[in-house]
């Protein structure tokens, strides 16, 4: 499996499914499947597959997903 990639180092291609890691506002860590959406408004916008709408996450790292099973 690949190493986690810092968002400060590189961003994934927009609208590409990835695994994201970050910190919630209460300090808890989270890992969720999602995608990078845009840099609109000066911040990074990520969409989570676990929410119906795009949400601003405090994502620090991301990881490419492996190829799906055949």
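All of the numbers you see were taken from the coordinates with simple rules; none came from a lab. Keep in mind the model is a prediction, meaning the values are calculated, not measured.
A few comments on the model shown:
- Extension gain for the segment residue 10 to residue 37, taken as residue separation times 0.36 nm less the Cα-Cα distance, is 8.3 nm to one decimal.
- Applying 0.36 nm per residue to the separation of residue 29 and residue 65 and subtracting their alpha-carbon distance, the gain on full extension is 11.0 nm.
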